[in-house]
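What follows is a set of notes on a single structure, which appears directly below.
The values are calculated or read from the model by the stated rules, or taken from the named source; none is laboratory data. What you see is a predicted model, and the numbers here were worked out from it, not measured in a lab. Here the Cβ is made from the backbone with ideal geometry for all residues, glycine too, and neighbour counts use every protein chain on show.
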């Protein structure tokens, strides 16, 4: 079920009402969360439910085993890690490796080797969420839960099930174990955040997609200016799509009295690539930092190891996105941008928000933000390309002349205004809890603002249902 | 909580109000109001109020309004009126039946069904209809059933605009539009042209549930009103027809809705009698209409 579908528009109010009717019995309320989350997920394909139930059960049992059989702790940890990664590997990466093997050794003939399995939506997200629980129990950061229903709700909670934020058991599980009470202010803030998420997804991201898909579909037909514009628009598309999804997910969770972690924090207002990575897909970045990078020694080792650790973390991060060499190349590209900063100990220079205490940035900050955006955009060209060869040819095409596709033509005329609105609103909310957190005090003005945004969404949204980009990961 | 409940209808009203105020500025992407269209639907729904003693009323897509020529039928003593419109799907047919059947009072209704229409989402034809047919409440469920915000937003504007503005009442649709010429009785004749056949990729017909349900409502409505009806598939080029890999299943499926006919003519040639892959040219129309009138329509009318 997509957030931008009629089914979800009917599903959400019903689930909201029943959920709060069950508020006196925590167990029934959690059971209801599991049931509706499985309904939400099974909407794509009911067979996917077997996988998520299997992942949840393995992680739940391994947590109990870790506590009960102290001497065999490592077996329970690695057993669960291996099983979960094996499931992920078979569904997501097996065909890629089999095809690559066939390309190198069998002249590309991989017919008998490929499994052609359908990639279950969101498998990378809930697998990582389940793994974090087992690792945290192993480390003693949290106690293993005996409440199986709460644990299944933690893994499958529908707002963040298919594309994150990837939650940690230490923050989400206690919320399912404890009684929730309806918080009106939190619910209103959730609705506000959802509205902003829908604007970013339906108007900005889907609007950019029209232009981007056309140009990336046949880049040879266009000149460098159009290719550059399409690349810039893809930067906004992927941001609007994924951060829009995160806003809708976090906002929806707030309606149920659940707080999820922030996933984006105005990443395009970053002054260098290190700051960009502290603000982009925060829940995944911190996952890799806490469970892979720091255990490898992080940056507190020799220079050689720092280089290896940085390369490993970015390559894994790239490969997490999908089984394609382009994702590895994208990770490598960012590693190469990040390495000079970490080796010169300049990766933590910008820990505050740009133009802190000021309304507008100075010229230096503007230059830094533009440069960071430009570098991120080059990375997105690699990310968006179906193959490495395509990416090189696209990058080469940036310097060639050819036909121009105007942004002001036909379907795209509203995009400049929509992008400007998004950037202005997010700039003035860059210190807020989320990108639409600040609001006028006077109710009439506030309501008029919300209504105007609803009007903009209704009149400028892309009308065919377009799935979220990150669902494929 | 009271504030949220108060806010939602207010937001809905505010949005509707702004759409009505700004819908005519062409600046709203999802409000695509355009009066007049190549199918001449505006002209037809006004003309049909004047016609009398109609034997056969045709509904359907361009395959209907570009195939059934009232002049050919008149030569054989049959008076027809053609209510076909561009890509008209059963969703739009239902609105027309509800609003014009009782006025026209035909002896027989023919619903043209085409393999490309049943799988259609109905978005574009819904917009043509909303803009060109006098507003009625039946258009609201039709618009909502498309589940498309462009249709809903256009409906909000068109229903109010066409009810209140004089532009709609006094609009005069040109008889000639490009290569098309409107003929009284609902037929649109295209300048004589021939088709150069091209190979087609094989394709399957997957009728949408929403269209099947609408077609079911259409035939039930006709049955309730006691008006005899048939379903008819018009000829396509042989190249196109052979590209459907489940045409037999489609035709069998249509049989469930009533008496279904597909009367192909061996004599129709892909290049001589068609102007594109799925529309007969005037030479083809005259041949086919004479054949269908003599072999199907007249016998049915004689038995009523």
Check on residue B:156, part of a helix (DSSP H, G or I), over 20 Å from the mean Cα position of the chain (by Cα) and at pLDDT 90 or above: yes
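How many residues does segment A:133-149 contain that are part of a helix (DSSP H, G or I), surrounded by fewer than 24 Cβ atoms within 10 Å (Cβ to Cβ) and in contact (Cβ under 8 Å) with a residue 60 or more places away in the chain?
4
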Filter result for the condition that a residue is closer than 26 Å to residue A:2 by Cβ and either touching a helix residue (DSSP H, G or I) at 6+ places or on another chain (Cβ under 7 Å) or modelled with pLDDT of 85 or more (or both), over A:151, A:125: A:125
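If the requirement is being surrounded by fewer than 12 Cβ atoms within 10 Å (Cβ to Cβ), touching a helix residue (DSSP H, G or I) at 6+ places or on another chain (Cβ under 8 Å), more than 10 Å from chain A (Cβ to nearest Cβ) and within 30 Å of residue B:80 (Cα to Cα), which of these qualifies: B:41, B:35, B:57, B:49?
Working: B:41 fails: surrounded by fewer than 12 Cβ atoms within 10 Å (Cβ to Cβ); B:35 fails: surrounded by fewer than 12 Cβ atoms within 10 Å (Cβ to Cβ); B:57 fails: surrounded by fewer than 12 Cβ atoms within 10 Å (Cβ to Cβ).
B:49 is the lone residue from the list that is surrounded by fewer than 12 Cβ atoms within 10 Å (Cβ to Cβ), touching a helix residue (DSSP H, G or I) at 6+ places or on another chain (Cβ under 8 Å), more than 10 Å from chain A (Cβ to nearest Cβ) and within 30 Å of residue B:80 (Cα to Cα).
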Can you name the condition, by its number, that residue A:298 falls short on among (1) within 14 Å of the chain's Cα centre (by Cα); (2) in a loop (DSSP other than H, G, I, E, B); (3) over 27 Å from residue A:361 (Cα atoms)? (1)
For residues that are surrounded by fewer than 14 Cβ atoms within 10 Å (Cβ to Cβ), farther than 21 Å from residue A:279 by Cβ and in contact with a helix residue (DSSP H, G or I) (Cβ under 9 Å, 6 or more places away or on another chain), scanning just segment A:418-447, find the one that is modelled with the lowest pLDDT. A:440
Looking only at segment B:276-304, which residues are part of a strand (DSSP E or B) and in contact with a helix residue (DSSP H, G or I) (Cβ under 8 Å, 6 or more places away or on another chain)? B:279, B:280
Taking residue A:246, is it part of a helix (DSSP H, G or I), out of contact with any helix residue (DSSP H, G or I) (no Cβ under 6 Å at 6 or more places or on another chain), more than 14 Å from every other protein chain (Cβ to nearest Cβ) and crowded, with 23+ Cβ neighbours inside 10 Å? yes
For segment A:31-41, indicate whether the set of residues that are assigned to a loop (DSSP other than H, G, I, E, B) and more than 24 Å from the chain's Cα centre (by Cα) is non-empty. no
Residues that are farther than 22 Å from residue A:28 by Cβ, touching a helix residue (DSSP H, G or I) at 6+ places or on another chain (Cβ under 9 Å) and more than 13 Å from every other protein chain (Cβ to nearest Cβ): find the helices (runs of 4 or more DSSP H) completely inside segment A:157-202 holding 3 or more of those. A:184-198
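Condition first: touching a helix residue (DSSP H, G or I) at 6+ places or on another chain (Cβ under 8 Å), more than 14 Å from every other protein chain (Cβ to nearest Cβ) and free of Cβ contacts under 8 Å to residues at least 40 places away in the same chain. Now tell me which residues in segment B:131-163 satisfy that.
Once the filter is applied, which keeps residues that are touching a helix residue (DSSP H, G or I) at 6+ places or on another chain (Cβ under 8 Å), more than 14 Å from every other protein chain (Cβ to nearest Cβ) and free of Cβ contacts under 8 Å to residues at least 40 places away in the same chain, segment B:131-163 yields B:135, B:140, B:159, B:162.
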How about segment A:322-350: which of its residues are more than 21 Å from residue A:94 (Cβ to Cβ) and without any contact (Cβ under 8 Å) to a residue 40 or more places away in the chain? A:332, A:335, A:336, A:339, A:340, A:344, A:345
Test: residue in segment B:24-32 that is under 30 Å from residue B:179 (Cβ atoms), touching a residue at least 40 places away in the same chain (Cβ under 8 Å), more than 9 Å from every other protein chain (Cβ to nearest Cβ) and surrounded by fewer than 24 Cβ atoms within 10 Å (Cβ to Cβ): yes
Residues that are over 14 Å from residue B:7 (Cβ atoms), more than 7 Å from every other protein chain (Cβ to nearest Cβ) and modelled with pLDDT of 80 or more, drawn from segment A:448-473: A:456, A:457, A:462
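The rows are residues; the columns are (1) modelled with pLDDT under 90; (2) more than 24 Å from residue B:121 (Cβ to Cβ); (3) surrounded by fewer than 18 Cβ atoms within 10 Å (Cβ to Cβ).
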residue: B:176; (1), (2), (3): yes, yes, yes
residue: B:179; (1), (2), (3): yes, yes, yes
residue: B:185; (1), (2), (3): no, yes, no
residue: B:208; (1), (2), (3): no, no, yes
residue: B:211; (1), (2), (3): no, no, no
residue: B:244; (1), (2), (3): no, no, no
residue: B:253; (1), (2), (3): no, no, yes
residue: B:262; (1), (2), (3): no, yes, yes
residue: B:274; (1), (2), (3): no, yes, no
Residue ID - farthest from residue B:143 (Cα to Cα), chosen from residues in segment B:210-249 that are touching a strand residue (DSSP E or B) at 6+ places or on another chain (Cβ under 7 Å) and part of a helix (DSSP H, G or I): B:222
